[in-house]
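Any read-out appearing in this document is the output of simple, stated calculations on the displayed coordinates, not a laboratory observation. Only a predicted model underlies this, so the values are computations on that prediction, with no experimental measurement involved. Note that we place each Cβ from the backbone using ideal geometry, even for glycine, and neighbour counts take in every protein chain shown.
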């Protein structure tokens, strides 16, 4: 078979380009292709252009995807790569999540201090994540948080310059950028990650059977299953960018085990829950969402199921 000439769309940040190269290399290895046959096409997204406003105020996660969606649907690119935690829950019906690479370290890392407990009273933490704000303030109500956006290098530079006392970044992104020793990993029993954190997803046109067939060869089934369950939880909660939610699903003894937490914005109230079930039980996410919402304090419940 003659090797196809394909175009892979991605955001242009250093991390996004690393992830695009991971996808290209995996696909070429799986099919015995030359990497020269896959062109990586960086596409500037609104989320990359606007760095001084919280995502929730200017359109949410679609800011990372809409330009890539448009390029995919018009045929400018053949497939697209995303950090799955940045992909909105409801996607266009013409686009499908075709594959996911094996999930990396799901934890958050604390940058700028050896531990959360070691930070000074009233420490200033830079983050753009409502989840991280709520989790940190639940542990340390004295913390002040300020909006922190930009790529990994920008955030690390702000911490190094003393603009804030500390920040939080995803371990997976730091690892992929060759910085496994930067920051201190926070275990998931202390801070559950964002749904889909650490997962790289590949989308294609739903009607493009040829592309879907090629991508199936690099799909990591366990990662795909767990991330879809976490995304189903978000859908059942009707969560948006204002909703502080943490969730993690894993495969354990052939069962899906998902833990989740919902928070008030300031961390003053929260609810936690978990569920186990068969991998083919499509009701897990809905049942956990219903349980969480039933038990949630009003301060938390009002942020979900709107």
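Judged by the mean number of other Cβ atoms found within 10 Å, the most tightly packed of the peptides 279-285, 252-258 leads the ranking 279-285, 252-258.
Each DSSP beta bridge with both residues in the range 108-186 is either parallel or antiparallel, and the antiparallel ones are about 60%. Relative contact order of the range 108-186: 49 percent, from C-alpha pairs under 8 Å at least 6 residues apart in sequence.
For volume of the Cα convex hull per residue in Å³, which listed value, [x] 207; [y] 174; [z] 133, comes from the coordinates shown? The calculated read-out lines up with [z]. Descending by average beta-carbon neighbour count within 10 Å, the peptides 10-19, 240-249 line up as 240-249, 10-19, the highest first.
Among 132, 301, which comes first, then next, by fewest other beta-carbon atoms within 10 Å?
Values: 132 24, 301 17.
Least to most surrounded, the residues fall as 301, 132.
Got a sec? How would 43, 38 order by Cβ neighbour count within 10 Å, fewest to most?
Details: 43 18, 38 23.
Going from least to most buried by this count: 43, 38.
Translational diffusion of the range 233-301, estimated by Stokes-Einstein from the Kirkwood radius over alpha carbon pairs at 25 °C in a medium of 0.890 mPa s, is 199 µm² per second.
Once the C-beta distance of residue 290 and residue 209 is scaled by a Förster radius of 45 Å, the resulting FRET efficiency is 0.80 to the nearest 0.05.
Each peptide in 111-120, 198-207 gets a packing score, the mean of other Cβ atoms within 10 Å over its residues, and the list from highest to lowest is 198-207, 111-120. With neighbours defined as other Cβ atoms within 10 Å of a residue's Cβ, the residues 100, 139 order from fewest to most as 139, 100. Residues of the range 166-192 falling in the label zone of residue 139, defined by backbone nitrogen less than 20 Å from a point 7 Å along Cα to beta-carbon, are 166-175, 180-192.
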